[in-house]
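Asker: First the structure, which I've put down as structure tokens, then a few questions once you've had a look.
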Amino acid sequence: MKNRLWILTGIIGIVLIFILRAEAKSASAKPLLENTLASPESFASIKDPQKLSAAYFTELSKVLTNQRCVNCHPSGDTPRQGDTRRLHQPLVYRGVDGFGTNSMRCSTCHQSANFEPGRIPGHPGWHLAPSEMAWEGKTVPEICEQIKDPQRNGNRTLHDLIDHIGKDTLVGWAWQPGYGRTPAPGTQAQAGALVEAWVNSGAACPQQQSSR
Ligand code: HEC
Ligand code: HEC
């Protein structure tokens, strides 16, 4: 009787070890799958045209709400840094043209390319998006309406947005952010393809409840 109990306890122990190990493995594998974008084709099963169009935008919103983009599209007059929305250090302000104040121009530190030894991002046109293009703190449906609005999107047509997101090199920095920063999900070309699919399907916006 005693022997049998020991064997039973042993078996239960071994089974438990296997379950726990499998659990740990699946938990650590997750983050690898997240920084990608689905292709427009992968939504083919959605038959309702409105919902299909909105689904493209919801997928695109993974990029728009990514910290690499939001840091330059902040709600106030100061850019953000890193992945936690911390205020830019030192404090810098947009100034009248978005390129900084007279005494603290963005280009004082941000050169024409990433400067790895100083961990400083770079691009020849480095500056802050105007305040009407702020995305920080907004829901996905709100960003969607804003991006379609010529008054708030730099007077762009929907068609302009395809190339702006898919090809503009300042936007493209977010996929080559340098120094250990996590890039925006997928590739810039994939993001452009989603914008194109969204625009060509009528540019519908997701409903409020499907926001972040
Ligand atoms: C005094 C130097 C300096 C000035 C001036 C400056 N920056 Fe920066 N900026 C930095 C440094 C250094 C970093 C990198 C900090 C880090 O990632 O830890 C940085 C990072 C950033 C980031 C974060 C990128 C990311 O996703 O993590 C943004 C956005 C940014 N700067 C925008 C601006 C804008 C816009 C201006 C002008 C209004 C500006 N900066 C002016 C030094 C400066
Ligand atoms: C270095 C700062 C910076 C970064 C990083 C950045 N932007 Fe912008 N963005 C700007 C500026 C400046 C403008 C205004 C330029 C203009 O109107 O010509 C702008 C305008 C836009 C616009 C057009 C206006 C609107 O809101 O509809 C879109 C779309 C856009 N950015 C998308 C992105 C996306 C997507 C990312 C990330 C993948 C991104 N941006 C990252 C600075 C930045």
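For every residue, the table says whether it meets (1) without any contact (Cβ under 8 Å) to a residue 60 or more places away in the chain; (2) under 22 Å from residue 65 (Cβ atoms); (3) among the acidic types (Asp, Glu); (4) touching a Leu at 6+ places or on another chain (Cβ under 6 Å).
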position	(1), (2), (3), (4)
105	yes, no, no, no
133	no, yes, no, no
139	no, yes, no, no
162	yes, yes, no, no
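Asker: Return the residue satisfying two criteria in turn: it lies in the stretch 131-154 and is within 9 Å of ligand 2 (Cβ to nearest atom) and not in a loop (DSSP other than H, G, I, E, B), and of such residues it is surrounded by the fewest Cβ atoms within 10 Å (Cβ to Cβ).
Answerer: Of everything passing the filter in the stretch 131-154, 132 is surrounded by the fewest Cβ atoms within 10 Å (Cβ to Cβ).
Asker: Out of 82, 98, I need the residue that is of a type in the set (Gly, Ala, Ser), modelled with pLDDT of 95 or more and within 10 Å of ligand 2 (Cβ to nearest atom). Which one?
Answerer: None of the other options fit; the residue is 98.
Asker: Hey, another quick one. Only residues that are part of a helix (DSSP H, G or I), at pLDDT 70 or above and among the basic types (Lys, Arg): list them for the stretch 3-59, please.
Answerer: 4, 51
Asker: What are the residues in the stretch 57-108 that are farther than 30 Å from residue 207 by Cβ and β-branched (Val, Ile, Thr), if any?
Answerer: Within the stretch 57-108, 78, 92, 96, 101, 108 qualify.
Asker: Does the stretch 174-184 contain at least one residue that is of a type in the set (Phe, Trp, Tyr), more than 17 Å from the chain's Cα centre (by Cα) and part of a loop (DSSP other than H, G, I, E, B)?
Answerer: Yes, the conditions are met somewhere in the stretch 174-184.
Asker: I would also like to ask the following. For the list (1) more than 16 Å from the chain's Cα centre (by Cα); (2) part of a loop (DSSP other than H, G, I, E, B); (3) more than 16 Å from ligand 1 (Cβ to nearest atom), I need the number of the one condition that residue 128 fails.
Answerer: Only one criterion in (1) more than 16 Å from the chain's Cα centre (by Cα); (2) part of a loop (DSSP other than H, G, I, E, B); (3) more than 16 Å from ligand 1 (Cβ to nearest atom) is unmet by residue 128, namely (3).
Asker: Kindly indicate the residue of the stretch 156-212 that is surrounded by 14 or more Cβ atoms within 10 Å (Cβ to Cβ) and of a type in the set (Phe, Trp, Tyr) and also farthest from ligand 1 (Cβ to nearest atom) among those meeting that condition.
Answerer: Among them, the one singled out is 198.
Asker: Looking only at residues in the stretch 68-91 that are β-branched (Val, Ile, Thr) and part of a loop (DSSP other than H, G, I, E, B), which one is surrounded by the most Cβ atoms within 10 Å (Cβ to Cβ)?
Answerer: The extreme case among them is 78.
The values are calculated or read from the model by the stated rules, or taken from the named source; none is laboratory data. Everything numeric here is computed off the predicted structure, so don't read it as measured data. All Cβ positions, even for glycine, are placed from backbone atoms using ideal geometry, and neighbour counts span all protein chains on display.
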